[in-house]
Amino acid sequence: MYEDPQLVKLFTTYTRDAEAIGRHLGRSYAEHTRDAPLLVATGADFALYPGGGRPPVVEGYRLSPKGFKELTGVSHLGPAVASLVHLRTRLGDDVWRPDAERLLAEVSRSRTANSAELWRDLIQVEAFRGREHEIADMIDYTCVATARYLEKALADEEYLTAETLRDDYLDGGPVPINHMMVATFFLAGMDISFRIGRWLRSQNLDWSRTMVLIAGRQGRTTAGVTWNTSSVATMVLGTSGHQLPLERMYIAPHAPVFATPRDGDLSEVAALEHELRAIWCSTRATVELGELMFAGYPRYSPEGVRFPDVSDPAVTEVSEMPVVHSPEDMHSLVTRLRVVLEDPRQLLSGAVVDLAVAALAEADWDPAKVIVPGLTGVRYPSS
């Protein structure tokens, strides 16, 4: 393929080349904002670069916190059982049987390990304080219901169908498993939002100056790359009291990320500051060319998330997360569970994070005052 060297040189004068005009613009912008705080979120941690050459501080929010994996393991029972149904009825794969046997064994062991004392004395999630008995009862009930369903399916594989999955397991019983999934997703989101909210508030950030970058992969490969599909973006906006201008938060799925620091070693985090600031600043500098070049034409204005209303039975399809009218609005809440599965843009963890953040803010950041849908006021009967 022929390329004219002179015209290619013109191309690289503005872009690509290390000394291109666009690179100069980005570097100059970074120099003018070197004292501004930069908040970076990866798939597992937050890092705050205070600016002015001061060292970063890091707070984990996803995989490292106490209780996350234990609670999420229970949350995943619904999709796990549904996957067995899918393997047998849609794909005709006999692997469903050994998988069901393995899941049954793990459910039995988990039920034995679960107790209010485990959650109160060993796992000790601060945001769950006072709810340990409720959580233990919910997990016990879920393990019993799951075991019963799996035992029936293993005894008679014809029982393992989409109809029995919904009627006898997900929507059936004294408390539907769907309600448990809402509760566990909400609890996880409340815990993360409580901890990160407290940490961010302790930093005394000036949100009008703060630069926010959500870097790298968030959850599944296709998810969380827009403002209204990123639970991390929702959490930051809610924690700031919506003082952070939406236009100061960028989602950069291809940006480099640091590994979760170990033993207090922040060298890798610190080493990335220059590159991460350059990404934010070069993006912002280009955005500001719009007003310079096209004043008088309609400007772009970011808008918040719009939620469709599914309370009308005539509504059978949605393209965004539905609005939830109250903690008892299980139709909308379970619809959100369906949306995060079917919409590849959504983070599975994002089903109710916005609701958890809003509820915490309304309760003055006291998790004990928050109504947890699917848990508060719900009696999960024992076996």
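Just so you know, all these numbers are worked out from the coordinates, no wet-lab data involved. In this text, all values refer to a predicted model and were calculated from it rather than measured experimentally. Note that we place each Cβ from the backbone using ideal geometry, even for glycine, and neighbour counts take in every protein chain shown.
Against the chain, whose longest principal axis comes from its Cα atoms, helix 273-287 is set at around 70 degrees. Of all lysines in the structure, not one has an alpha carbon short of 18 Å from that of Lys152, not counting any fewer than 8 places away in one chain.
DSSP loop trypsin sites (Lys or Arg not before Pro) in the range 311-383 with at most 12 other Cβ atoms within 10 Å of their Cβ, which ones?
Arg379
Of all DSSP beta bridges in the chain, what percent run antiparallel (nearest 5)?
Values: 8 of 16 bridges.
So the antiparallel bridges amount to about 50 percent of the total.
For the chain, build the charge dipole from Cβ charges (+1 Lys, Arg; -1 Asp, Glu) around the Cα centre, then report which of Ala100, Leu71, Cys143 sits farthest towards its positive end. The Cα lying farthest towards the positive end belongs to Leu71.
Relative to the longest principal axis of the Cα atoms of the chain, the long axis of helix 5-14 makes an angle of roughly 70 degrees. Is the C-alpha gyration tensor of the chain telling us rounded, prolate or oblate? Criteria: a/c under 1.5 is rounded; beyond that, a/b larger than b/c is prolate, otherwise oblate. It comes out prolate by the Cα gyration axes.
Taking label positions 7 Å along the Cα-Cβ direction at both Asp35 and Val323, the computed distance is 4.4 nm, reported to one decimal. In a fully extended conformation the segment linking Asp94 and Phe307 would gain 72.6 nm over its present Cα-Cα distance, using 0.36 nm per residue.
Between the range 81-115 and the range 137-156, the C-alpha centres lie 10 angstrom from each other.
At 7 Å along the Cα-to-beta-carbon direction for both Asp121 and Tyr297, put a label point, then send me their distance in nm to one decimal. My value for the distance between the label points is 6.8 nm.
Between Thr221 and Ala271, residue separation times 0.36 nm minus the direct Cα-Cα distance comes to 15.4 nm. Each residue, Thr260 and Val287, gets one label point 7 Å from its Cα in the Cβ direction; the gap between the two is 3.0 nm.
Projecting the Cα atoms of Pro298, Phe194, Val257 onto the charge dipole of the range 149-304 (Cβ charges, centred on the Cα centre) puts Pro298 farthest toward the positive pole.
Divide by every residue of the chain the summed helix terms, -39500 (n - 2.57) for each DSSP H run of at least 4, and state the resulting mean residue ellipticity at 222 nm, rounded to the nearest 500 deg cm²/dmol. Display every interim value, and only then the final one.
Values: 13 runs with 169 residues, N = 383.
Mean residue ellipticity, 222 nm, calculated: -14000 deg cm²/dmol.
Tell me, what is the FRET efficiency for Ser28 and Ala82 to the nearest 0.05, using R0 = 45 angstrom and their Cβ-Cβ distance as r? Each step should come with its number before you reach the end.
On the way: r = 53 Å, r/R0 = 1.18.
The value I calculate is 0.25.
Rounded if a/c is under 1.5, else prolate if a/b beats b/c, else oblate: with a ≥ b ≥ c from the C-alpha gyration tensor eigenvalues square-rooted, which is the range 262-383? Because a/c hits 1.5 or more and a/b fails to exceed b/c, the range 262-383 counts as oblate.
Taking 0.36 nm per residue of separation and subtracting the current Cα-Cα distance, fully stretching the chain between Val315 and Leu341 would add 7.5 nm. Evaluated with a Cβ-only charge set (Lys, Arg +1; Asp, Glu -1), the range 324-375 carries a dipole of roughly 180 debye about its Cα centre, given to the nearest 20. Exposed loop sites are taken as chymotrypsin sites (Phe, Trp or Tyr not before Pro) in a DSSP loop (any state but H, G, I, E or B) with at most 12 other beta carbon atoms within 10 Å; the longest stretch of the chain without one runs 3-299.
Can you give the angle from 0 to 90° between the axis of helix 77-89 and the longest principal axis of the chain, with both taken from C-alpha atoms, to the nearest 10? Helix 77-89 and the main axis of the chain meet at about 80 degrees. Just check the range 96-146 against the gyration tensor rule for me: Cα atoms, a ≥ b ≥ c as the square roots of the eigenvalues, rounded for a/c under 1.5, and otherwise prolate or oblate depending on whether a/b exceeds b/c. Note, shape of the range 96-146 comes out prolate.
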